Amino acid sequence: MEALSLGGQEHIVETSHGPVCVAVCGDPDKPALITYPDVALNYMFCFQGLLFCPEASSLLLHNFCIYHISPLGHELGAPMISVDAPLLSADDLADQIVEVLNFFGLGAVMCVGVTAGAYILTLFAMKYRQRVLGLILISPLCQAPSWSEWLCNKVMCNFLYYYGMCGVVKELLLKRYFSKEVRGNAQVPESDIVQECRRLLCERQSTNVWRYLEAINGRVDLSEGLRKLQCRTLIFIGENSAYHSEAVHMTTKLDRRYGALVEVQGSGSLVTEEQPQAMVIPMEYFLMGYGLYRPTQSVSPRSPLSPTRISPELLSPENMGLKLKPIKTRLAL
């Protein structure tokens, strides 16, 4: 549905690590913005809430041509990848991205990634610094998995391999994405967004999801290299995300001149779907540092954030762009 409403056109890009599906939305003459989703998701779910939010859609599509990159076998209608095909590492997935950029003739790009996708894009930015303008990361990973996360991922991998996208895997993934408020309980039904995600997961090829999960479960710690990452970085983290401490850790490792942290109250990891409107104003001011957005005197009444709720350091012109400082923004329930 998103591809039609946003004018997206899908391309299959052959890379040295296999074919990659890329959906292109917008005017190719504009600066490029690439997206990368979390495990078991694709752009049609991971970013549709953000791009269907009128202010965010206007902001991003007015300034960028968006290239939605799907992990191997995660595009809509993807066939099952043979279990005998070699497994790709996180490094391989990052290397695929530069081949995608070369295919489209792109230079430096803006990057938007969610959780596992945020890790892949951060790794890409560290390996190919000249190809990245900036990073917008949602609930990012940057450390090697903890023992508890590694074990949980291994359980999911075993279920995916032997039993497919079964109930246990779906529940673990939904817990990964969403806050308990929208997941519901015995007294409160699941929200529409969780029900839609559950339907999407049923359509996933389990072995393809297993491959992506294996790659991200074998990730290495990027912490020591983050200080040298000199592209501007805006991090969003849901207050109820399982990766909250991970995002805070990443912020402390980034050069304070280049990074900002936005905490969104009442949201899990998938802020792009649970609270996309909370991302609008921070992104507006982040893009001011690139000369891509000029603020107006008034703030849209549809936005739940107001300038008075954003740290003065972020609003101060002399502290924009290269002077971004860590902030904490809360969204009223």
Any of K154/K253; K170/K228; K154/K180; K180/K228 with alpha carbons more than 32 Å apart? Name them for me.
K170/K228; K180/K228
Among A108, L229, S179, which residue has its Cα positioned farthest towards the positive end of the charge dipole of the chain, with +1 placed on the Cβ of Lys and Arg, -1 on the Cβ of Asp and Glu, and the dipole taken about the Cα centre?
L229
Charges on Cβ only, +1 for Lys and Arg, -1 for Asp and Glu, centred on the Cα centroid of the chain; of V168, L135, V262, which one is farthest towards the dipole's positive end?
V262
Accessible area, 1.4 Å probe, largest first: how do L33, L261, L87 sort?
L87, L261, L33
Taking all protein chains as present, what is the carbon and sulfur share of the accessible area of the chain, in % to the nearest whole number, probe 1.4 Å?
54 percent
Would you mind getting the accessible area per residue of the range 9-289, heavy atoms of the protein chains only, 1.4 Å probe, in Å²?
37 Å²
Return P(r) of the range 1-116 (all Cα-Cα pairs; 5 Å bins starting at 0; whole %; ordered from short to long distances).
2, 11, 23, 27, 20, 11, 5, 2, 0, 0
Run the dipole for the chain about the Cα centre, Lys and Arg Cβ at +1, Asp and Glu Cβ at -1, nothing else charged, and hand back the magnitude in debye, nearest 20.
920 debye
Straight-line reach only, C-alpha to C-alpha below 20 angstrom: list the aspartates and glutamates that K175 could link to, leaving out same-chain residues fewer than 8 apart.
D38, E149, E190, D192, E196, E203, E214, E239, E246, E263, E273, E274
Which residues' amide hydrogens lie under 5 Å from the amide hydrogen of T15, considering only partners 5 or more residues apart or on another chain, with H built in the peptide plane?
V20
Can you list the trypsin sites (Lys or Arg not before Pro) in the range 198-248 that are in a DSSP coil and have 14 or fewer other beta carbons within 10 angstrom?
R227, K228
Considering every pair of different Cα atoms, what Kirkwood radius, in Å, is found for the range 9-289?
18.7 Å
With axes computed from alpha carbons, what is the tilt in degrees of helix 147-163 against the longest principal axis of the chain, rounded to the nearest 10 within 0 to 90?
50 degrees
If you count the DSSP beta bridges with both ends in the chain, what percent of them are antiparallel, to the nearest 5?
30 percent
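The values are calculated or read from the model by the stated rules, or taken from the named source; none is laboratory data. This is a predicted model, so every value here is computed, not measured. When we count neighbours, we look across all protein chains shown, and the Cβ atoms used for this are built from the backbone with ideal geometry, even at glycine. Heads up: the accessible areas ignore ligands, DNA and RNA and are worked out on the full protein's heavy atoms, side chains in. Shrake-Rupley method; radii C 1.70, N 1.55, O 1.52, S 1.80 Å.
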